[in-house]
Structures are given as structure tokens and as C-alpha cells.
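Engineer: The structure under discussion is supplied below as C-alpha cells; questions concerning it will follow.
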Amino acid sequence: MILPTLKDAPSLRGKRVLLRLNLDLPVENGELRDTFRIDSTMKTVDFLREQKAKTIIIGHIGRNPKETLRPVYDYFKKSISITFVETIEEAKESSATLAEGEFLLLENLRSFPGEVTNDQVFAKDLASLADLYVNEAFAVSHREHASIVGVPKLLPSFAGFVFEEEVTQLSKAFSPAHPALLILGGAKFETKTPLIERFLGIADDVYVGGALANDIFHSRGYETGDSLVSNCDISPAILNNPKLHTPSDVLVRIPSGTVEKGADAVLKGEKIVDAGEDSIDDMRALISKAKFVLWNGPLGEYEAGFDAGTIALAQMLAECDAETIIGGGDSLAVVSKLNITERFSFVSTGGGAMLEFLANETLPGIDALQKAFSV
Ligand code: ADP
Ligand code: MG
């Protein structure tokens, strides 16, 4: 893939750079609770400072337009010279007088209505702040928002270092070492259908677990009780594919506690909440013969404490010899507590963006960079 990256950018000294970061971080009592995303992009921030660029950082936080990026500003303040601005007008004034190596941070992009609607006037306002644009927000680049697809139409545009790494690493999944295994959990089957179809072609085995498996059980006519299902139609090409694996047994919540049983033995009123031990053994066998494993999505309802299956899977992958690529917000929420992230070959910062990239080999934000007017 040809992607214009920061390495291709002209001299940045004195140039105003509009830097789109992924600042959608969890906040608790006005402070950042987890700084993994921001820390991973510090190398781009440091690079721009060392190159003596004048950098205007933009990003969004949360879904509520009233949420503020001030906690992110407080965190940045510890390591760089940065000013916080709330409006485009203020940003225009401050960006004109910004010194080399200094930074501005604009308030939550979602507080501006034009961001999510990809309003052209808003994209123009953002572009007017800078001489060039850098997208370092891979995890947001499946969204057709002004800061992702609007601005690159107006400025010379480049992918940041972490963005480039995401594309390089995830692209390995398109021609993996064999046997290649995809393990997919989580929920909302319909959002993962294109990925499953694609990897039934590319990979040797596709293991579908988590709430996704409930949809397959349902399609096979099994009772799924009160389990989470999407009620979507699953094609025979998926259901009857010999590469498809699903949990043989499941952990089921019953009024008196939990019990493990065959996936076809669930009763009305029961709820599947995790993979069973036989299923973990089946996964172990697939993992031990695999040379490449891609994993996204938890195997159970981990927020409710049913995280044993997901933890077992994470540990098997951390210990295996295969190349391992993992991602997904919920999957990483489980993995990061185990302190084993550095034992995977690559950990993607993308959830929805990772899935969409793997299914389509591109994203709206990548297309925009490729089509961008270049210097
Ligand atoms: P990721 O964020 O890692 O990409 P998803 O967003 O697709 O993963 O799915 C995560 C959600 O799936 C979690 O809320 C988790 O509780 C849910 N989940 C997984 N397995 C089950 C299950 N068996 N029953 C109910 N919810 C499940
Ligand atoms: Mg999720």
C-alpha cells in the first residue's frame, strides 16, 4: 500500500502542523485513567517538537459533545509547551503566534457540530489553522468525520508513525504464515460478517466465540435461552464452512450460579456467559499448530466477571510461538490488566477501525490520505 507518511513530509521547521490524535481516553474524577493511547503517539509529538514544527493538536473525547479535553491538556502539560483553546477563533489567533516546537490543543472536536457531519465549512476552518495535516488517529479513521476525511482534501497530508505501523502490521494478515488462525469474539455478528467471510478465504481456521457464537448456535436451531444474540441471518457459506469452529461447551448462568454444558444443551431461561473448558482446549490445539493468529473480541461477558475464558485465551496467545496480532477495546481491557501486552507481536489501537481495515484493506481515513493533494 502506498501511504504518504511523516517520513515523506518536507522540512517541518516553522510549519504549522494540524495533528489529529486519538484522545478518546477514559477519565475519572477529572484525570486520565489509562494513557496507553496517548503514550503510544508521543513519539510523533516528540518528533514534531524536535523538528521545530508549530503543532495544533485536535481530537475528540467521548460521545457527549460536552466532554472536555482539559484532562488531556493537563497530561500533555507535563512534557510539552502547550496552550489550550476552546474555539476556532482562539485557535486561529494562537496558531498565528505559536513558536517553533510549541503546541496548541483545541477543545473536543465533537463540541463542534461540523465534525461528525463532515461539514465542509468546518473542515476549511480546521485546515486554515495549518500548512499540513498529519493523521495519527488510526482507531478513528473508519469514521467519515471532518478531521479525518474533510481536512486531507485541503492540505498536504501524511500518516503518523503509529498509523503507518498499524497499516504495516495489520496488512500481514492478508498474506499470513500458515496455518493461520482467526479468533473472533465479542458481540454484534452483523458487524463482523465481512471479516469472517474474508478470513474463511485467507486463514486455515476461523474460531468464532463470545456472543457471536450464540448467533451461530441460534442459526443451527439450538436453544440459546436468554443469551445475547443479534438475530441476523448467517449465510450457509459461513455456517457450513469446514474451517469454521465454534465453542463445543459453554459456561451458562443459572439461578443457583453457573454450570458448564454442551453448546447444544442450553435451556430456556439460561444465559451463555463464557466459553467452557473443552472450548479452551480446542482453541489451545488450534493455537499450538498455528504460525499466525489474529484475535479480536472477548469470549465472555467479562464486565460481569465472566472473564476466565478470555484470560485463558490471552495467556495461551502470549505464550505461543506464532506471530500474534490482537486488538479491540474490550479485548485489550482484559489483556492490559494481565501485563502481557508486550508478549504479542502487535497490539492494535483500533477496534472498529481494525475490523474494517481487515475486512476492506482500507479505511475512509486511508483513502483520504492517499487522495490528498500532496506537496
Ligand atoms: P472488542 O471491543 O474487543 O472489539 P466487541 O465490542 O465486539 O469487542 O464485544 C465486546 C462485548 O461482547 C463485551 O461487552 C462483552 O461483554 C460481550 N460478550 C462477549 N461474549 C459474550 C457473551 N457470551 N455474552 C454476553 N456478552 C458477551
Ligand atoms: Mg468493543
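Engineer: Long-range amide H contacts for residue 15: which residues qualify at under 5 Å (H placed 1.01 Å from N, peptide plane, sequence gap of 5 or more or a different chain)?
Structural biologist: HN-HN under 5 Å from residue 15: 54.
Engineer: Just to be sure I understand: with springs between alpha-carbon atoms less than 10 Å apart, which residue in 213, 304, 99 has the highest mean-square fluctuation in the Gaussian network model of the chain?
Structural biologist: The residue that fluctuates most here is 304.
Engineer: How many nm is it between the label spots at residue 235 and residue 29, if each spot is 7 Å from the Cα in line with the beta carbon?
Structural biologist: A separation of 5.2 nm, rounded to one decimal place.
Engineer: Counting only protein heavy atoms and using a 1.4 Å probe, what share of the accessible area of the chain belongs to carbon plus sulfur, as a whole percent?
Structural biologist: Numbers: 7650 of 16000 Å².
On the chain, the fraction of accessible area on carbon and sulfur atoms equals 48 percent.
Engineer: Going by the alpha-carbon gyration tensor, a ≥ b ≥ c the square roots of its eigenvalues, is the range 34-168 rounded (a/c under 1.5) or, if a/c is not under 1.5, prolate (a/b greater than b/c) versus oblate? Working shown, then result.
Structural biologist: Values: a/c = 1.19, a/b = 1.09, b/c = 1.09.
It comes out rounded by the Cα gyration axes.
Engineer: Further, regarding this structure: Using a Förster distance of 45 Å, how high is the FRET efficiency between residue 13 and residue 63, based on the Cβ-Cβ distance and rounded to 0.05?
Structural biologist: Values: r = 38 Å, r/R0 = 0.84.
That gives a FRET efficiency of 0.75.
Engineer: Now for a different question. Of 111, 17, 6, which is farthest towards the positive pole of the range 1-124's charge dipole, taken about the Cα centre with +1 and -1 on the beta-carbons of Lys, Arg and Asp, Glu respectively?
Structural biologist: The residue sitting farthest along the positive end of the dipole is 6.
Engineer: Suppose the chain between residue 248 and residue 342 were pulled fully straight at 0.36 nm per residue; how much longer would it get relative to their current alpha carbon spacing? Could you put the intermediate results ahead of the total?
Structural biologist: Details: separation 94, 0.36 × 94 = 33.84 nm, distance 3.06 nm.
Net length gain for the segment: 30.8 nm.
Engineer: Continuing with this model, one more query. Spin-label point model (7 Å from Cα, Cβ direction): what's the residue 97 to residue 168 distance in nm?
Structural biologist: 4.1
Engineer: Share of antiparallel DSSP beta bridges in the chain, in percent to the nearest 5? The partial results should precede the final answer.
Structural biologist: Working: 12 of 51 bridges.
Given both bridge residues lie in the chain, the antiparallel proportion sits at roughly 25 percent.
Engineer: When the Kirkwood hydrodynamic radius is evaluated over all pairs of different C-alpha atoms of the chain, what value in angstrom, to one decimal, is obtained? Walk me through the intermediate numbers first.
Structural biologist: Details: mean 1/r = 0.0456 Å⁻¹.
By the Kirkwood definition, the hydrodynamic radius is 22.0 Å.
Engineer: Would you look at the GNM of the chain, springs on alpha carbons closer than 10 Å, and say which of 24, 226, 249 moves the most?
Structural biologist: The residue that fluctuates most here is 226.
Engineer: A further question on this structure: Identify, among 252, 126, 177, the residue whose Cα sits farthest towards the positive end of the charge dipole of the chain, taking +1 on the Cβ of Lys and Arg and -1 on the Cβ of Asp and Glu, with the dipole about the Cα centre.
Structural biologist: Looking along the dipole axis, the top candidate is 126.
Engineer: In deg cm²/dmol, rounded to 500, what helix-only [θ] at 222 nm does the chain give when every DSSP H run of at least 4 residues adds -39500 (n - 2.57) and the total is split over its residues? List each step's numbers first, then the result.
Structural biologist: Numbers: 14 runs with 130 residues, N = 375.
When only DSSP H runs of four or more count, the value is -10000 deg cm²/dmol.
Engineer: Give, rounded to the nearest 20 debye, the magnitude of the charge dipole that the chain has about its Cα centre when Lys and Arg contribute +1 at Cβ and Asp and Glu contribute -1 at Cβ. Don't jump to the answer; show the numbers that get you there.
Structural biologist: Values: 37 positive and 54 negative charges, 203 e Å.
Roughly 980 debye for the chain.
The values are calculated or read from the model by the stated rules, or taken from the named source; none is laboratory data. Remember, it's a predicted structure, so these values are computed and weren't measured experimentally. All Cβ positions, glycine included, derive from the backbone under ideal geometry; neighbour counts span all protein chains shown. Each accessible area value is taken on the protein alone, full model and side chains, heavy atoms only, with ligands, DNA and RNA left out. Shrake-Rupley method; radii C 1.70, N 1.55, O 1.52, S 1.80 Å.
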